[in-house]
Amino acid sequence: MDDLNGKVALVTGASVGIGRAIAEGLAKVGVDLAVNYFQHQAEAEEVCASIRTLGRRALAVQADVSKSAEVERLVKTVEESLGTVEILVNNAGIARVQPLAEIREEDWDELITVNLKSAFLVTQRVVPGMRARHWGRIINVSSVAAHIGGVVGPHYAASKAGMLGLTHSYANLLVREGITANSIAPALVYTQMVASNPRARADLIPVGRFGKVEEVADVAVMLAGNGYITGQTINVDGGWYMT
């Protein structure tokens, strides 16, 4: 495993849930963190305070990562305050539970933009810095919905499936430059998103319980430190989808 002490990570959507757990997990192994958030400023500042108690630097930056101008501002702020982004975790995303017949074109567009386009925009912006250093880690938080459809809807499933293709392409293009790209596909990890979804039930999961955010964070930390795993999807889903 690579020594991650002193590396700089950007985690999008890191103020709550899985993103927060990944940010704090990386801080525990010596990583400095840029905590991106869209709406939850107080929570983002709490995450930064938690990270600083571990002796690491932390910066909360508000930005809508589905918009290129805001991505540019976000990454420039991180570079000026913490340094070049070496570990990127594309975690920002939304879910909208809707009956199939009620999914509109604008719902489709919003989920594809927020969940998938954002990962492309942020990755494109930070990759040049990784290439210059010949070291980088791209970690995309997808979903079991990419494999089985999930419990949200086809717009969500398509956005998360797109992240897998994005991962494969970056992994293939950057494999000789010390940069890895991998995906994590969680299922029914207990967050506010799952708690507010009436279709999400623990009995859907073979292990019989919801996942914990820390169980996803453990995988993200492992991928950040491993330079031999690339182009892979790690399923953290309690056995729901088996490869």
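The values are calculated or read from the model by the stated rules, or taken from the named source; none is laboratory data. Because the structure is a prediction, the values reported are computed rather than measured. Don't worry about glycine lacking a Cβ; one is built from the backbone with ideal geometry, like all the others, and counts go over all protein chains shown.
Would you be able to say whether some residue in region 128-143 is assigned to a strand (DSSP E or B), among the charged types (D, E, K, R) and on the phi < 0 side of the Ramachandran plot?
The first filter runs over region 128-143 and keeps only residues assigned to a strand (DSSP E or B), leaving 136-141.
From what's left, among the charged types (D, E, K, R): 137.
Keeping just the survivors that are on the phi < 0 side of the Ramachandran plot gives 137.
Yes, there is a match, as at least one residue in region 128-143 is assigned to a strand (DSSP E or B), among the charged types (D, E, K, R) and on the phi < 0 side of the Ramachandran plot.
Being surrounded by 19 or more Cβ atoms within 10 Å (Cβ to Cβ) and over 21 Å from residue 239 (Cα atoms) narrows it down to one residue among 134, 155, 168, 147; which is it? So that I can check it myself, show each step before the final result.
Values: 134 fails: surrounded by 19 or more Cβ atoms within 10 Å (Cβ to Cβ); 168 fails: surrounded by 19 or more Cβ atoms within 10 Å (Cβ to Cβ); 147 fails: over 21 Å from residue 239 (Cα atoms).
Testing whether each residue is surrounded by 19 or more Cβ atoms within 10 Å (Cβ to Cβ) and over 21 Å from residue 239 (Cα atoms) leaves just 155.
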Residues located in region 18-40, provided they are more than 20 Å from residue 71 (Cβ to Cβ), in contact with a strand residue (DSSP E or B) (Cβ under 9 Å, 6 or more places away or on another chain) and without any contact (Cβ under 8 Å) to a residue 40 or more places away in the chain: 27
Name the single residue that is farthest from residue 137 (Cα to Cα) among those in region 189-243 being of a type in the set (Asp, Glu) and surrounded by fewer than 17 Cβ atoms within 10 Å (Cβ to Cβ). 203
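Does residue 151 fit the bill of being in a helix (DSSP H, G or I), without any contact (Cβ under 8 Å) to a residue 60 or more places away in the chain and β-branched (Val, Ile, Thr)? Give the steps one after another, and end with the answer.
Working: in a helix (DSSP H, G or I): no; without any contact (Cβ under 8 Å) to a residue 60 or more places away in the chain: yes; β-branched (Val, Ile, Thr): yes.
Criteria not met by residue 151.
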Output the qualifying pairs, or none if there are none: Cβ atoms under 6 angstrom, residues six or more apart or on different chains, first residue in region 215-243 and in a helix (DSSP H, G or I), second residue of a type in the set (D, E, K, R) and at pLDDT 95 or above. 224/137
Give just the number: which of (1) in contact (Cβ under 8 Å) with a residue 60 or more places away in the chain; (2) loosely packed, with under 14 Cβ neighbours inside 10 Å; (3) of a type in the set (S, T, N, Q) does residue 124 not satisfy? (1)
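Quickly run through region 216-241 and pick out the residues that are in contact with a strand residue (DSSP E or B) (Cβ under 7 Å, 6 or more places away or on another chain) and closer than 23 Å to residue 16 by Cα. Explain how you work it out, then say what you get.
Here is the first cut: in region 216-241, the residues in contact with a strand residue (DSSP E or B) (Cβ under 7 Å, 6 or more places away or on another chain) are 216, 219-220, 223-224, 227, 229-238, 241.
Within region 216-241, 216, 219, 220, 223, 224, 233, 234, 235, 236, 237, 238 meet the criteria.
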Considering residues of region 1-58 that are in contact with a Gly (Cβ under 6 Å, 6 or more places away or on another chain) and either of a type in the set (Lys, Arg) or part of a strand (DSSP E or B) (or both) only, the residue nearest to residue 88 (Cα to Cα): 11
Here the residues within region 197-214 that are under 12 Å from residue 151 (Cβ atoms) and either in contact (Cβ under 8 Å) with a residue 40 or more places away in the chain or touching a Cys at 6+ places or on another chain (Cβ under 9 Å) (or both) are 197, 198, 199, 200, 204
